[in-house]
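Asker: Here it is, the structure, as C-alpha cells.
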Amino acid sequence: MSFAVSRRVVVIFFGVILLGSAIFFYQKRALHGLPIEHSSLDMLAGKKNIVPVAIIGSGPAGLSAALYAARGGYHTVVFEGRAAGGQLMTTTWVENWPGIQKKMGPDIIKGLRSQAQTFGAIIASDAVTRVDFSSWPYQLFTEDGDSIYALTVIIATGAAPRLLNIPGEREFWAKGVTTCAICDAPFYKNSDVIVIGGGDSAAEEALQLVPYARSITLLVRSGKMRAAAAMQERVRAVPSIHVVYNAVPQRIIGDTHVTALEALVDGTLKTFPVEGIFLAIGHVPATDIFKEFLTCDDLGYLTHASHTQETSKRGIYVAGDVTDHRYRQAGVAAGDGIKAALDASEFLRDLGFVDAVAARYTRKLYEPSSGEQGSVALVEGTAAFRHAVLESEEPVIVEFFTENCPSCVQLLPVISWVVGQLGGAVKAVKVNATTNKAIAEEYAVAKVPTLIIFRDGKIAVRQKDPLSKRELLALVKQVLE
Ligand code: NDP
C-alpha cells in the first residue's frame, strides 16, 4: 500500500469518527441550549399522555401563561395544585391590578381562569408531586396517579407562607396560630390578637381583623414597616391597631389554645396576653420538587435567563413568585407568565411542533379525568348536624368553613373526590363555623378549614393541616377499617 493510499484511509477513518461525534453532540446539545430540531419529535414515539404546554400552578403567573399558550393554539394543561389560585385568593381588595380600579383578589383569579378556559386551557384539579427533568420529553407525576410527558413546562408554583420556627408555633398551630386572617378572623370576635410582620400582608391581615378583634398589636421586628405608604397610612388610621417596633417573637404560650406571646421588645422580654397570633412574615418559594434538576439562587428561588423565562434547562420556564423575591406583585407574576408562554411557544415552533404536526398527536394528548365526584351537603343548625353527622350509620367527613376562606373552597373538590372514590361507604358535609357557633365551639374549631371525620357519633380523626386527595383517602380508609 502506497503512502498516499494509507493517508487517505487515515483521513477517511478520522472523518467518520468526527462525523459520528458531531452527530452525537448535536443530538445532545439539542436539549442543552440550542434549538431542538424536528427529528427530536421522534422521541415521542410510543408515548401517550403528551402535553405540549404543562403549567404547574394556578395563580396569576400560571393562569396568564395558560391564557397565552391556549390562545396560541397549544394543548395547555394547568395543574392547579393544592392551593388553587395562589396568594391572591387570600387577598381582599387589590388596587394595583393594571386597568382595574379596585377588585377582590379571588375575583381577579376567577376572571383569569375563565378567560384561559375560553381559549381551551384545561385546568386539572390535581397537583404535580414529582418531576423527572433528566431527559426530554420531561415527565410529571401527579397526585391522582397520572404520568405525563411534557414538551414544555412552565413552573408557576409561587411561594408558601414563612413560619417563625419558635417554640410553641407548631404546638398551637390551628389553636390560635394561623396565617390566614381572612379565613379565621371571625373566631376572634372581641379578642386581643397579634399580627407579626411589617409588610403589606401584615398590614392587610391587621385591617382584616379590625371588624372582629378588640385590639390588634402589630409586631414589627425592625424600626420601620416595609408595607406601602398607603397601607401604613390605613393602619395608623385605625385606633384598635397598635404598632410595636423592634419586637422579635420568642415563644408562644398556651394551654388548649394560645394565651400569650413572648417577644423581645427593644431587647427586653415582654409578654403579650393574646388569643390569636397571625403570621404575615413573607413567603418561601415552592421549589422542592425541582431543585434536583434546576438551578436556584442563594435564597432558593429558581433562576432564569436574563432576557427570557427559561430555567437552566431548555423547554422549562419559570414565572411569578417562585422566581421573584424582588417585586412579588400579581401584575409582575402575570407578566412573567405571559413571557414564559411566549418562550414555550417559540420552543415548540423550533421543535417543529406546528399545527400540521401537532394534529398527528391529537389522540396521544393528555386529558385529565375528573373522576367520580361525591356530594358535600351543607348542614345548618344543631338538629340537622345531629341527624346528618352524629346519627349517621356511615362515617362522615365534616368540613368546618367560613365565608371568604379560600383554603375551604380548595378543600371541597378533595373531599368530593374521596367520597366519589368510596361510593356510599362515607358521607361528607360542610358546616359554616360562623353561623353554627355552638357546634364549632363544641368541637373546638379555631381555624378553618378544620376537617373532622366522625364515626358512630364520635370524633375518629381530626385534621388541621391541608390534605391531598390521596392523604384524605388513606385517612378515611383507616377509619373504615
Ligand atoms: P414581605 O417580605 O414584604 O414582608 C415580610 C415582613 O415580615 C417584613 O416586615 C419582615 O421584616 C418580616 N419578617 C420576616 N421574617 C420575620 C421573622 N422571622 N420574625 C418577624 N418578622 C419577620 O412579605 P409580604 O407577604 O408582606 O409581601 C410580599 C409581597 O406581596 C410584597 O411585594 C407586597 O408588596 C405584596 N403584597 C401586596 C398586597 C397588595 O397590594 N394588596 C397585599 C399583600 C402583599 P423585615 O422588614 O425586617 O425584613
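The values are calculated or read from the model by the stated rules, or taken from the named source; none is laboratory data. All values reported here derive from a predicted model rather than from experimental measurement. Quick reminder, even Gly has a Cβ in these numbers, built from the backbone with ideal geometry, and neighbours come from all protein chains shown.
Asker: Within segment 152-179, which residues are more than 18 Å from Pro285 (Cα to Cα) and in contact with a helix residue (DSSP H, G or I) (Cβ under 6 Å, 6 or more places away or on another chain)?
Answerer: Passing the criteria: Thr152, Thr178.
Asker: Check whether at least one residue in segment 86-107 is under 15 Å from Pro368 (Cβ atoms) and away from the ligand (no atom under 12 Å from the Cβ), and report yes or no.
Answerer: no
Asker: Which of (1) modelled with pLDDT of 95 or more; (2) within 16 Å of the ligand (Cβ to nearest atom) is the odd one out, the single condition Arg328 does not satisfy?
Answerer: Going through (1) modelled with pLDDT of 95 or more; (2) within 16 Å of the ligand (Cβ to nearest atom) one by one, Arg328 breaks only (1).
Asker: Looking at (1) at pLDDT 95 or above; (2) surrounded by fewer than 16 Cβ atoms within 10 Å (Cβ to Cβ); (3) not in a strand (DSSP E or B), find the lone condition where Arg130 falls short.
Answerer: (3)
Asker: Cβ-Cβ below 8 Å, separation at least six or inter-chain, first residue in segment 322-350 and at positive phi, second in a helix (DSSP H, G or I) and within 13 Å of the ligand (Cβ to nearest atom): which pairs?
Answerer: Close Cβ pairs (under 8 Å, with a partner that is in a helix (DSSP H, G or I) and within 13 Å of the ligand (Cβ to nearest atom)) amount to Arg328/Asp321.
Asker: Checking the conditions here, which among Val220, Val248 is hydrophobic (A, V, I, L, M, F, W, C) and surrounded by fewer than 19 Cβ atoms within 10 Å (Cβ to Cβ)?
Answerer: Result: Val248 is the single residue among Val220, Val248 that is hydrophobic (A, V, I, L, M, F, W, C) and surrounded by fewer than 19 Cβ atoms within 10 Å (Cβ to Cβ).
Asker: Which condition number does Val448 fail, the rest of (1) modelled with pLDDT of 95 or more; (2) in contact with a Ser or Thr (Cβ under 6 Å, 6 or more places away or on another chain) being met?
Answerer: (1)
Asker: Considering segment 245-279 alone, what residues qualify as being touching an Asp or Glu at 6+ places or on another chain (Cβ under 7 Å), among the charged types (D, E, K, R) and outside any strand (DSSP E or B)?
Answerer: Correct list: Glu275 only.
Asker: Has segment 254-274 got at least one residue that is loosely packed, with under 15 Cβ neighbours inside 10 Å, over 30 Å from Leu351 (Cα atoms) and touching a His at 6+ places or on another chain (Cβ under 6 Å)?
Answerer: No, the conditions are met nowhere in segment 254-274.
Asker: Where residues in segment 369-395 are of a type in the set (Asp, Glu) and over 30 Å from Asn49 (Cα atoms), which of them is surrounded by the fewest Cβ atoms within 10 Å (Cβ to Cβ)?
Answerer: Glu393
Asker: On to the next question. May I ask you to list the residues in segment 337-390 that are of a type in the set (S, T, N, Q) and in a loop (DSSP other than H, G, I, E, B)?
Answerer: Ser369, Ser370, Gln373, Ser375
Asker: Output the residue which, of all residues in segment 133-151 that are assigned to a strand (DSSP E or B) and not aliphatic (A, V, I, L, M), is nearest to the chain's Cα centre (by Cα).
Answerer: Thr142
Asker: Let me ask something additional. Out of segment 432-460, which residues are part of a strand (DSSP E or B) and in contact with a helix residue (DSSP H, G or I) (Cβ under 6 Å, 6 or more places away or on another chain)?
Answerer: Ile453, Phe454, Arg455, Ala460
Asker: If I ask for residues that are surrounded by fewer than 24 Cβ atoms within 10 Å (Cβ to Cβ), touching a residue at least 24 places away in the same chain (Cβ under 8 Å) and not in a helix (DSSP H, G or I), which ones from segment 81-94 would you list?
Answerer: Of everything in segment 81-94, those that are surrounded by fewer than 24 Cβ atoms within 10 Å (Cβ to Cβ), touching a residue at least 24 places away in the same chain (Cβ under 8 Å) and not in a helix (DSSP H, G or I) turn out to be Arg82, Ala83, Ala84, Thr91, Thr92, Val94.
Asker: Let me ask you something else. Can you confirm whether Ala61 is within 15 Å of Ala150 (Cβ to Cβ) and more than 9 Å from the chain's Cα centre (by Cα)?
Answerer: Answer is no for this residue.
Asker: Still on this structure, please answer the following. When you check Ile56 against the structure, is it under 18 Å from the mean Cα position of the chain (by Cα) and either surrounded by fewer than 24 Cβ atoms within 10 Å (Cβ to Cβ) or modelled with pLDDT of 95 or more (or both), yes or no?
Answerer: So Ile56 passes the test.
Asker: Do we find a residue being touching a residue at least 60 places away in the same chain (Cβ under 8 Å) and touching a helix residue (DSSP H, G or I) at 6+ places or on another chain (Cβ under 6 Å) anywhere in segment 258-278?
Answerer: Checking segment 258-278: at least one residue is touching a residue at least 60 places away in the same chain (Cβ under 8 Å) and touching a helix residue (DSSP H, G or I) at 6+ places or on another chain (Cβ under 6 Å).
Asker: Quick one: how many residues across segment 431-470 are without any contact (Cβ under 8 Å) to a residue 24 or more places away in the chain and surrounded by 16 or more Cβ atoms within 10 Å (Cβ to Cβ)?
Answerer: The number of residues fulfilling the criteria is 2.
Asker: Given segment 173-244, what strands (runs of 3 or more DSSP E) lie entirely inside it while holding 2 or more residues that are of a type in the set (Lys, Arg) and more than 16 Å from the ligand (Cβ to nearest atom)?
Answerer: Fully inside segment 173-244 and qualifying: nothing.
Asker: Within the bounds of segment 152-169, is there any residue that is in a loop (DSSP other than H, G, I, E, B), in contact with a His (Cβ under 7 Å, 6 or more places away or on another chain) and within 14 Å of the ligand (Cβ to nearest atom)?
Answerer: There is at least one residue in segment 152-169 that is in a loop (DSSP other than H, G, I, E, B), in contact with a His (Cβ under 7 Å, 6 or more places away or on another chain) and within 14 Å of the ligand (Cβ to nearest atom).
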